[in-house]
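Worksheet for the structure shown next.
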Amino acid sequence: MFHKALWYQNFKQTRMIVGILLVLFILYLPFFIMLSIGSWQEQVEHFSQFPDSEFTLYEYEVYNIFSVGIFPFLVVIGIIFFAGLLIGVERNTRRMDFTFSLPFSRREIFMAKWLYGILVIFVFHLINFSIAYVILWQSEFNYALSFVNLTEIYFAPIFVFLLFFSFAMFIGTIAGEMITQVALTFIFSIFPVGVFFLLHGFLELHLNTHFLYIPEWVGKVTLFFYLFEITSQPINLFFPISGIILFTVLSLILYERNNIEHNGEFLIFKVLHPIFLIGITICFSLLGGIIVSSLAPWNAEMLRIISYWFGFTVFLVFSYLISRRLLRMNLTIKNK
Amino acid sequence: MKIKHISKRVHQNQILSDIDFEVKTGSIVGIVGRNGAGKTTLLRTMVGILNPTKGDVLIKNESIFSNPKLKENIIFVPDSSEALKNYSTKEMLNLYKGIYSRFDEEYFHELMDRFSLPEVKKIGNLSKGMKALFSLVVAFSTRAKYILLDEPTDGLDVIVKKRILKILVEEVAINDVSVIISSHRLDELEFMANDIVIIKDGKVEKHYELDSMKLNYLKAQVVFKEYMPEDLKNHITVINQTGRVYTIVFEKKRDELRSLIETFQPILYEELPISLEDIFIATLGGEDIVS
């Protein structure tokens, strides 16, 4: 897994996205903290004109810089594409033929990719976090650091990034090509909550059942939830760390069993076809039901139920036909 | 290198069935078959790109699948250099040096000079012929013992083809490597291969040493008073017919066939020199059959 050639090959095929990730990390941490400090100084100045009021810095403003917000979300998108370029793109082109013909085991090939990715994310985050931390620490707002702890602003975000990377790599071991890998990573990152809403829509209409909150366990198994959650206790890092370990072990097992003759297709493992066919069809049918029933007046219950099943049936037919075609597609680039 | 009873199924289709042969050191093995016969799948399995459904590939009696390190002895040159088109020649050199412990940098530069190959920033910018030559230069510089080539001269001009064939023969003679070539160009294989493995429907239809293969078949031109009798047609392969003039191929060992031809009293019976292409047509079906 530490073969120089494999690392070089991985760098060569991902250097553009690595550059983009670096820029995103710079924007997310050092750049954003400088903007925030500038904004806070402006506010201090503004408040100084009013003797009765005083500028107050809240902890959520520190979280918005280090832990949550648009930049961590953009970084996660970058990380998913990064994983796509490490595995998925090799399947679209003939690069995997080259890689698998080399005198390395598949375990070594996968671990070189995984470690390379983990190291890039870890180092970029560490450097940019340190710079951002020092900038804030040296500013007049350094007291803001006392509002938060390291788990909240450093460990939780980095483990969430590594979790997304490991998950995207895991999806890469079952997806047949890059677009599928990226799309499935996004879909499965919100899947539990998505399914909850689809079932909720069904139950709400037919049984009049309402859930005010998403159950906690549904949130815990939905990756995108971690992007909007502040983790204060180190014990709560258990879920992302377990996810990283679980997805990496599964990835290793599946990558070794890679049938690369299915490269370019939707899925590598044909045994998953019926599961995906049924899953995609049911989810889209439920979605179709919700969309069409939402067009009916809210007080006309029977009409809403009829509309629901009309939408359900139409979406069922089309999603079944599209899914069948999707599962048969092949997106391998074969030019000479 | 031993290919032990390899079978491969893809999408419920049996692509390879019980392929079993051995590649001797210092030999050139031609893998011949019609389009879709499974030649490329066989080469990709021999280098461990594809996992066989059954069977194994052994080097020094050890499986390349359980010990991938053995693949230092094998290099696969695909029919396209798509995979590494964004690499510069220098990057390729460094990449291969890092992978193959026996990589011979001096030999690499020597071959680059001999074929007047320029150093470029992107392999993809080289002409098709230069890409093919460069792939071979890299392959030979790895000092791998088995070089697997998939259609190495496909789409190349005559001059490049000649250069490629020359370097292949030289390498086998000087460095005792074995070259396994899948090709449609039977005339080229005839010129250099020792062994021919004919693949039909994923199975080894014939495996011969080329010289003995030619001894096993007979090509003849025959003319009958009328058209060829149906009884005879069932036993021989007609590779060409012009009016009542037939060019036929049949297995030599079947002496009764010659007697059978004589019983129909041909006006002309003349034996002709046989080529690999004739055997290919005779073995894999008449020339009218397209796959």
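Here, each number is a calculation from the coordinates, and none is a lab measurement. Quantities reported herein were computed from a predicted structural model and do not represent experimental measurements. Because the Cβ atoms are built from the backbone with ideal geometry, glycine has one as well, and the counts that use them run over all protein chains shown.
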(message) Tell me the relative contact order for chain A as a rounded percent, counting alpha carbon contacts under 8 Å between residues six or more apart.
(response) 21
(request) Please tell me which of these pairs span more than 26 angstrom C-alpha to C-alpha: A:12/B:60; B:8/B:252; B:166/B:200; B:24/B:200; B:4/B:233; B:90/B:131? (result) A:12/B:60; B:8/B:252; B:166/B:200; B:4/B:233
(message) What do you get for GluC sites (Glu not before Pro) in segment B:209-245 restricted to DSSP loop and a cutoff of at most 15 other Cβ within 10 Å of the site's Cβ?
(response) B:226
(message) Let's test the formula: R0 of 56 Å, r as the Cβ-Cβ distance of residue A:2 and residue A:207. What FRET efficiency results, to the nearest 0.05?
(response) 0.50
(message) Whole percent per 5 Å bin, from 0 to the bin with the longest distance: what is P(r) over all C-alpha pairs of segment A:45-95?
(response) 5, 16, 11, 10, 11, 10, 8, 7, 5, 5, 4, 4, 2, 1
(message) Pick from B:157, B:195, B:104 the residue whose mean-square fluctuation is largest in a GNM of chain B, springs joining Cα atoms under 10 Å.
(response) B:157
(request) For segment A:109-243, restrict the atom set to alpha-carbon positions and state the Rg and Dmax in Å. (result) 18.5, 59
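Let me confirm one metric for peptide A:260-271, namely the mean number of other chain beta-carbon atoms within 10 Å of its residues' beta-carbons.
2
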(request) May I ask you to give the average projected area over all directions of the convex hull of the Cα atoms of segment B:1-43, in nm² rounded to one decimal? (result) 3.2
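Relative to 2.2 N^0.38 Å, what does the C-alpha radius of gyration of segment B:216-284 come to as a ratio? Two decimals please. Walk me through the intermediate numbers first.
On the way: Rg = 11.0 Å, N = 69, 2.2 N^0.38 = 11.0 Å.
Against the compact-globule rule of thumb, the ratio is 1.00.
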(request) Give me B:100, A:226 ranked fewest to most by other Cβ atoms within 10 Å of their Cβ, as a rough exposure proxy. (result) B:100, A:226
(message) For the protein assembly as shown, take the convex hull of the Cα atoms, compute a quarter of its surface area, and give me that in nm², please.
(response) 40.6
(message) Can you sort A:16, A:169, B:46 from fewest to most other Cβ atoms within 10 Å of each residue's own Cβ?
(response) A:16, B:46, A:169
(message) If each residue of separation counts as 0.36 nm, what is the full-extension length gain between residue B:223 and residue B:176 once their alpha-carbon separation is subtracted?
(response) 12.2 nm
(message) Take residue A:249 and residue B:113, extend 7 Å from each Cα along the Cα→Cβ direction, and tell me the distance between the two endpoints in nm.
(response) 5.7
(message) Can you sort B:271, B:151, B:22, B:277 from fewest to most other Cβ atoms within 10 Å of each residue's own Cβ?
(response) B:271, B:22, B:277, B:151
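Divide by every residue of chain B the summed helix terms, -39500 (n - 2.57) for each DSSP H run of at least 4, and state the resulting mean residue ellipticity at 222 nm, rounded to the nearest 500 deg cm²/dmol.
-9500 deg cm²/dmol
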(request) Mind listing the long-range amide H neighbours of residue B:203? Cut-off is under 5 Å, sequence gap 5 or more, other chains count too, H placed in the peptide plane at 1.01 Å from N. (result) B:17
(request) Would you work out which of A:142, A:83, A:264 lies farthest towards the positive end of the dipole of chain A? Charges go on Cβ: Lys and Arg +1, Asp and Glu -1. (result) A:264
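Here is the link list: A:113/B:145; B:71/B:122; B:2/B:203; B:162/B:206. Which ones come out longer than 18 Å on Cα distance?
A:113/B:145; B:71/B:122; B:162/B:206
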(request) Considering the convex hull of the alpha carbon atoms of segment B:137-286, report its projected area averaged over all viewing directions, in nm², one decimal. (result) 10.8
(request) Report, in cubic angstrom per residue, the convex hull volume of the C-alpha atoms of chain A. (result) 180
